[in-house]
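Heads up, the thing below is written out as structure tokens.
The values are calculated or read from the model by the stated rules, or taken from the named source; none is laboratory data. The structure presented is a predicted model; accordingly, all values stated were derived computationally and were not measured. When we count neighbours, we look across all protein chains shown, and the Cβ atoms used for this are built from the backbone with ideal geometry, even at glycine.
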Amino acid sequence: MADDYFHPYRKALNQSQMETNAIWIYNYLTPRGWSLNAIAACLGNWQNECTLNPNRPQRARFPRETGGGFGLAQWTGWYKKYGVWCKSQGIGIVANDNNPSGRIEPQIAFHDYDCRYGVNGKKTWYNNRGYHYSWEEFKRSTDNPATLATAYYWQYERSAANSPTTRPQQAVNWYNFLANQSYQPIESKSYQLNPFMRLQSQYGNFSLYILYLLIMRILGKKV
């Protein structure tokens with residue numbers, strides 16, 4: 001399945017290429033419990049973020065420059081978020097078309113991890129602007145794709161534009177497009193979460209350091 005979707009380094013995808021990637025994402029997320037409505041909502045947002053190209057960094061000096069956005073959701077301050085997760089999984093980060101971190105599969109795995117546990121003790125998916133889906137509710141929701149796209153924007157993306165702009169209508173467009181596609185489920189590898197990384201994400205570096213001190217005291221070791 002390695003070449004079934006487009007991931008050229010730093011390039012914007014055209015409509016035909018975006019449609020290919022949208023179909024692949026639909027076939028990948030559906031067997032993982034996602035509704036078509038939620039998939040379309042994400043696609044409507046990701047179209048604005050990266051033209052559905054998972055290998056599109058915001059800045060030209062990627063990966064040496066660790067700021068800026070990267071990936072489907074254009075995680076900003078990308079290294080402290082997605083980059084650290086890739087390192088924990090042994091996933092390479094390089095500036096070319098074969099960038100292992102510029103693949104859809106690990107990015108979907110990170111996205112799920114990020115929305116569940118957050119980063120350094122701070123939630124990344126949370127109630128906002130009257131939208132209050134839990135992450136699990138969102139993934140399975142059959143609400144209107146435009147509503148879900150707006151919820152995704154305020155509960156997760158929250159871009160500098162401070163407005164969902166064209167994302168809700170794009171979500172409806174993707175829903176209508178994918179509703180006419182045949183479904184062919186895609187299986188792929190699973191990623192195991194480092195338990196210490198989960199603690200760091202949920203409680204932050206300082207709390208993890210306090211836990212370390214307590215363990216050392218229990219073991220009778222000096223720090």
Inset, instruction - Please go through region 123-143 and pick out each residue that is among the hydrophobic types (A, V, I, L, M, F, W, C) and either more than 25 Å from Val172 (Cα to Cα) or in a loop (DSSP other than H, G, I, E, B) (or both). - result: Trp125
Inset, instruction - Those residues that are modelled with pLDDT of 95 or more, β-branched (Val, Ile, Thr) and closer than 24 Å to Ala151 by Cβ, I need them from region 78-131; list them, please. - result: Ile104, Ile108, Thr124
Legend entry - Selection from region 154-166 of residues that are more than 21 Å from Thr30 (Cα to Cα) and assigned to a helix (DSSP H, G or I): Trp154, Gln155, Glu157
Legend entry - Given (1) part of a loop (DSSP other than H, G, I, E, B); (2) out of contact with any His (no Cβ under 7 Å at 6 or more places or on another chain); (3) under 19 Å from Phe110 (Cβ atoms), index of the condition Phe6 fails: (3)
Inset, instruction - Tell me, please, whether a residue that is without any contact (Cβ under 8 Å) to a residue 24 or more places away in the chain and under 23 Å from Val172 (Cβ atoms) can be found in region 18-29. - result: yes
Legend entry - Leading residue by the ranking (farthest from Arg103 (Cα to Cα)) among those in region 39-74 that are among the polar types (S, T, N, Q) and part of a loop (DSSP other than H, G, I, E, B): Thr66
Inset, instruction - Please indicate, with yes or no, whether at least one residue in region 76-85 is among the charged types (D, E, K, R) and closer than 28 Å to Asn173 by Cβ. - result: no
Legend entry - Within region 130-161, considering residues that are in contact with a helix residue (DSSP H, G or I) (Cβ under 9 Å, 6 or more places away or on another chain) and of a type in the set (Lys, Arg), the one farthest from Arg116 (Cα to Cα): Arg140
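Would you please name the residue that is farthest from Leu52 (Cα to Cα), looking only at residues in region 93-122 that are assigned to a loop (DSSP other than H, G, I, E, B) and of a type in the set (S, T, N, Q)?
The qualifying residue farthest from Leu52 (Cα to Cα) is Asn120.
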Inset, instruction - Exactly one condition in (1) more than 18 Å from the chain's Cα centre (by Cα); (2) free of Cβ contacts under 8 Å to residues at least 24 places away in the same chain; (3) surrounded by 16 or more Cβ atoms within 10 Å (Cβ to Cβ) is not met by His132; state its number. - result: (3)
